[in-house]
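Structure first, commentary second.
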């Protein structure tokens, strides 16, 4: 094999590997470090539901720690996570913006009424929102639900994780951002 072909082969392999790392999320932490983890505030729609008034909400709200819980009404793990979320929401102070968010395509298979009914059935009692454009979810690196993120008072992503979280895990993540 000629030297040029060998170099070209290694170059192609490197590009392929970098693409695979990007696609699987392996580069997320590296990219976040370069961006310094800043989360650009996004205005999202807030549902009229228990603990939530109709309107818009800016997430994250600068000057407050934000706990963001991403969910979907079809997700069984999301439903089981509602009890610990409720317990945590009751224990946080006003210096924490505690909010849940769905990105479901409203008006297709799920309606706003479906989300509100699900919220009521699962005893939600804190702000519940909708990120129709996935802006915030993309910024925190969410790749599914349930997904949780904590953003500090300077709008920096300080913690995120997928899956079920109990009350202590939620409160510990919030305390770590203070």
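Going through the stretch 133-159 one residue at a time, which ones are touching a helix residue (DSSP H, G or I) at 6+ places or on another chain (Cβ under 6 Å) and either in a loop (DSSP other than H, G, I, E, B) or at positive phi (or both)?
141, 145, 146
Does the stretch 73-84 contain any residue that is touching a residue at least 12 places away in the same chain (Cβ under 8 Å), within 14 Å of residue 129 (Cα to Cα) and either not assigned by TED's automatic domain parsing to the domain that holds residue 164 or not in a helix (DSSP H, G or I) (or both)?
Yes, the conditions are met somewhere in the stretch 73-84.
Suppose we keep only residues that are under 16 Å from residue 103 (Cβ atoms) and within 16 Å of the chain's Cα centre (by Cα) within the stretch 42-64. Which one would you say is surrounded by the most Cβ atoms within 10 Å (Cβ to Cβ)?
59
What's the number of the condition residue 57 fails, among (1) touching a residue at least 24 places away in the same chain (Cβ under 8 Å); (2) within 21 Å of residue 161 (Cβ to Cβ)?
Only one criterion is unmet by residue 57, namely (2).
Going by what's in this entry, would residue 50 be described as modelled with pLDDT of 95 or more, closer than 21 Å to residue 163 by Cβ and in contact with a helix residue (DSSP H, G or I) (Cβ under 9 Å, 6 or more places away or on another chain)? Spell out how you get there, then give the answer.
Numbers: modelled with pLDDT of 95 or more: yes; closer than 21 Å to residue 163 by Cβ: no; in contact with a helix residue (DSSP H, G or I) (Cβ under 9 Å, 6 or more places away or on another chain): yes.
Against the criterion (modelled with pLDDT of 95 or more, closer than 21 Å to residue 163 by Cβ and in contact with a helix residue (DSSP H, G or I) (Cβ under 9 Å, 6 or more places away or on another chain)), residue 50 does not qualify.
Yes or no, residue by residue, for (1) at pLDDT 95 or above; (2) surrounded by 21 or more Cβ atoms within 10 Å (Cβ to Cβ); (3) out of contact with any strand residue (DSSP E or B) (no Cβ under 6 Å at 6 or more places or on another chain):
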residue	(1), (2), (3)
80	yes, no, yes
109	no, no, yes
127	yes, yes, no
147	yes, yes, no
159	yes, no, no
174	yes, yes, no
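Does at least one position in the stretch 88-101 carry a residue that is assigned to a loop (DSSP other than H, G, I, E, B), assigned by TED's automatic domain parsing to the domain that holds residue 130 and closer than 19 Å to residue 131 by Cα? Spell out how you get there, then give the answer.
Taking the stretch 88-101 first, the residues assigned to a loop (DSSP other than H, G, I, E, B) are 92-95.
Add one more test, that the residue is assigned by TED's automatic domain parsing to the domain that holds residue 130, and what stays is 92-95.
Those still in the list that are closer than 19 Å to residue 131 by Cα too: none.
No, every residue in the stretch 88-101 fails to be assigned to a loop (DSSP other than H, G, I, E, B), assigned by TED's automatic domain parsing to the domain that holds residue 130 and closer than 19 Å to residue 131 by Cα.
Assigned by TED's automatic domain parsing to the domain that holds residue 47, more than 13 Å from the chain's Cα centre (by Cα), under 16 Å from residue 127 (Cα atoms) and buried (at least 22 other Cβ atoms within 10 Å of the Cβ), is that true of residue 68?
Numbers: assigned by TED's automatic domain parsing to the domain that holds residue 47: yes; more than 13 Å from the chain's Cα centre (by Cα): no; under 16 Å from residue 127 (Cα atoms): yes; buried (at least 22 other Cβ atoms within 10 Å of the Cβ): yes.
No; evaluated as a whole, the condition is false for this residue.
Report, by residue number, each residue of the stretch 116-125 that is crowded, with 22+ Cβ neighbours inside 10 Å and in contact with a strand residue (DSSP E or B) (Cβ under 6 Å, 6 or more places away or on another chain).
Matches in the stretch 116-125: 119 only.
The values are calculated or read from the model by the stated rules, or taken from the named source; none is laboratory data. Bear in mind the structure is a predicted one, so any value in this text is a computation, not a measurement. Please note: Cβ atoms are built from the backbone with ideal geometry, for glycine as well, and neighbour counts cover all protein chains shown.
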